[in-house]
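The values are calculated or read from the model by the stated rules, or taken from the named source; none is laboratory data. Values in this document were obtained by computation on a predicted structure and should not be read as measured data. Every residue, glycine among them, receives a Cβ derived from its backbone with ideal geometry; neighbour counts consider all protein chains shown. In case anyone asks, the SASA skips ligands and DNA or RNA and just uses the protein heavy atoms, side chains included. Shrake-Rupley method; radii C 1.70, N 1.55, O 1.52, S 1.80 Å.
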Amino acid sequence: QVQLVESGGGLVQAGGSLRLSCVASGRTFSSSTMGWFRQAPGKEREFVAAISGAGGSTYYADSAKGRFTISRDNAKNTVYLRMNSLKPEDTAVYYCAAVMGWSRAMRYEYDYWGQGTQVTVSS
């Protein structure tokens, strides 16, 4: 029932910035924890960042701390990932995900996933 659609990916030079967006369907968006994950070629999918339903709590992977910022606009049913100081190792398909409850999110038990958006960082 829940649909997630990512956008904003593209090609950017190292050191540049990019903002990803994820638009969600459904009336329960504001009560859902949202997360961003990424998967590089030949690698497992990894967690990037999460934000609670009201936006009061955030959590970042070590690779994202200090460079990436997750935020949301519940009026627009949208979650964002602002990525600064991009590095070639950030190249991956970035996925938006949703789950009910912060505790489940902390266990990476996400229920809904978008199709992903490609981010390529050149050097």
Give the Rg (one decimal place) followed by the Dmax (whole number) of the range 1-48, computed from C-alpha coordinates and expressed in Å. 13.5, 38
Can you list the aspartates and glutamates whose alpha carbon sits under 19 Å from that of Lys43, skipping same-chain ones fewer than 8 residues off? Asp62, Glu89, Asp90
Run through the range 57-123 and list the chymotrypsin sites (Phe, Trp or Tyr not before Pro) located in a DSSP loop whose Cβ has at most 14 other Cβ atoms within 10 Å. Tyr108
Under 30 Å between alpha carbons, and skipping anything fewer than 8 positions from Lys76 in its own chain: which lysines qualify? Lys65, Lys87
First compute the accessible area of the range 55-123 with a 1.4 Å probe, then give the percent of it belonging to carbon and sulfur atoms. 46
MRE, 222 nm, helices only [DSSP H, n ≥ 4, -39500 (n - 2.57), over the chain, to nearest 500]: -1000 deg cm²/dmol
Using the heavy atoms of the protein chains and a 1.4 angstrom probe, tell me the accessible area per residue for the chain in square angstrom. 52
How much length is gained on full extension from Arg104 to Gln39, taking 0.36 nm per residue of separation minus their Cα-Cα distance? 21.3 nm
Selection from Ser63, Ala49, Ala75, by position along the positive dipole direction of the chain (Cβ): Ala75
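For the chain, the longest stretch holding no trypsin sites (Lys or Arg not before Pro) located in a DSSP loop with at most 11 other Cβ atoms within 10 Å is which?
Working: sites that count: Arg27, Lys43, Lys65, Arg107.
It works out to 66-106.
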Based on alpha-carbon atoms only, what is the radius of gyration of the chain relative to the globular estimate 2.2 N^0.38 Å? 0.98
With only Lys, Arg, Asp and Glu charged, each at its Cβ (+1 for the first two, -1 for the last two), find how big the charge dipole of the chain is about the Cα centre; round to the nearest 20 debye. 220
HN-Hα couplings for the range 10-19 via Karplus (6.51, -1.76, 1.60; θ = phi - 60°), in whole Hz with x for Gly/Pro, come out as x, 9, 9, 7, 3, x, x, 10, 8, 10
Relative to the present Cα-Cα distance, how much length would full extension add between Ser71 and Ser85 at 0.36 nm per residue of separation? 3.3 nm
